[in-house]
Amino acid sequence: MEMWKESQLTQLSYTKEIDVAYKISLNFIKNLGFKFCSFSITSKTLGTHDYTLSRNNFPHDWNTQYEQNKFSAIDPIVAHCNHSMLPILWTEDVYSKTPWLWQALQQQGLQYGWSQSIHDEDNGLYSMLSLARSHCPITAYELYENLGFTVFISRHLHALATQTLTKKAPKPSMPHLSPREVEVLKLSADGKTAYEISRILSLSERTVNFHVHSAIQKLGVCNKIAAVIAAARAGAI
């Protein structure tokens with residue numbers, strides 16, 4: 001590996017801030033012969049605008065046009081990356097069903113590019129890294145020669161972005177459980193039956209079942225075991 005590549009990738013590996021990491025990645029990619037770099041991450045499960053993160057140096061007019069016209073919904077590159085982690089070259093054939101989008105890319109100096117993605121099944125997040133330039137087509141040899149570097153960059157940016165989004169993600173609110181409901185769930189978690197709980201708390205078995213049912217309704221689950229698990233995960237018991 002050339003010394004500048006090793007130096008910049010080492011610097012990137014120690015970077016903990018997504019914005020700094022993106023700048024280092026952009027510089028590296030420019031040294032590979034590309035002018036533009038885009039990185040974005042979003043959630044397949046949440047699908048909310050707030051649960052996304054994007055960094056790119058694409059032309060401002062392109063970013064505005066892309067967002068206003070919701071091109072992501074018809075972009076074949078995005079569609080590919082949503083379902084596959086194999087790299088894909090931007091070609092006229094790929095854009096055969098959306099020729100106007102291909103023409104818009106050419107007009108913005110984004111003639112030649114490739115994209116690749118990372119799918120994180122553990123948290124439902126997926127990210128996409130794209131490189132582009134206005135000169136010189138990308139050969140298959142160039143793609144695979146540099147693929148290892150861009151996969152490393154993708155994974156590092158993905159990890160940092162995941163940490164950023166996790167900090168931003170709103171924590172689900174915990175329904176208010178009464179002190180008695182908490183007591184009943186705690187004893188249920190210890191494996192006590194309704195009868196045993198009634199003896200411990202000096203309540204009737206019917207009253208114990210009433211508190212269990214109330215907790216089930218508040219937690220939005222379907223049975224006592226699920227209520228115990230939900231309360232435990234929320235830190236209520």
Taking the condition of being under 22 Å from M85 (Cβ atoms), at pLDDT 95 or above and either not in a strand (DSSP E or B) or not small (G, A, S) (or both), how many residues in the stretch 120-137 meet it? 3
For the subset of the stretch 119-129 comprising residues that are of a type outside the set (A, V, I, L, M, F, W, C) and within 15 Å of T42 (Cβ to Cβ), which member is surrounded by the most Cβ atoms within 10 Å (Cβ to Cβ)? S127
The residue from I200, I138 that alone is closer than 30 Å to Q8 by Cα and surrounded by 12 or more Cβ atoms within 10 Å (Cβ to Cβ) is I138
Every residue in the stretch 1-40 that is within 13 Å of T150 (Cβ to Cβ) and hydrophobic (A, V, I, L, M, F, W, C), please. L9, L12, L26, F28, I29, L32, F34, C37, F39
Quick check: is even one residue across the stretch 67-83 assigned to a strand (DSSP E or B), closer than 28 Å to F152 by Cβ and within 20 Å of the chain's Cα centre (by Cα)? no
Return the pair list, or none, for Cβ contacts closer than 9 Å from residues in the stretch 85-97 that are assigned to a loop (DSSP other than H, G, I, E, B) to residues that are crowded, with 19+ Cβ neighbours inside 10 Å and small (G, A, S), at least 6 apart or on different chains. M85/S117; L86/S117; P87/S115; P87/S117; W90/G113; W90/S115; W90/S130; W90/A132
For the stretch 149-164, indicate whether the set of residues that are part of a loop (DSSP other than H, G, I, E, B) and in contact with a strand residue (DSSP E or B) (Cβ under 9 Å, 6 or more places away or on another chain) is non-empty. no
Kindly indicate which of Q111, Q116, Q106 is surrounded by fewer than 19 Cβ atoms within 10 Å (Cβ to Cβ), within 24 Å of H60 (Cα to Cα) and touching a helix residue (DSSP H, G or I) at 6+ places or on another chain (Cβ under 8 Å). Q111
Checking the structure you have, find out if any residue of the stretch 23-46 is at pLDDT below 95, surrounded by 11 or more Cβ atoms within 10 Å (Cβ to Cβ) and of a type in the set (D, E, K, R). yes
Among the residues of the stretch 47-79, how many are at pLDDT 95 or above and among the basic types (K, R)? 1
Are any residues in the stretch 195-232 within 15 Å of S178 (Cα to Cα) and either among the β-branched types (V, I, T) or over 32 Å from the mean Cα position of the chain (by Cα) (or both), and if so, which ones? L201, T207, V208, N209, F210, H211, V212, H213, S214, A215, I216, V228
Boolean, I24 is of a type in the set (A, V, I, L, M), in contact (Cβ under 8 Å) with a residue 60 or more places away in the chain and part of a helix (DSSP H, G or I): no
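The values are calculated or read from the model by the stated rules, or taken from the named source; none is laboratory data. Everything quoted here is computed from the prediction, not taken from an experiment. Reconstructed Cβ throughout: ideal geometry from the backbone, glycine too, with neighbour counts over all protein chains shown.
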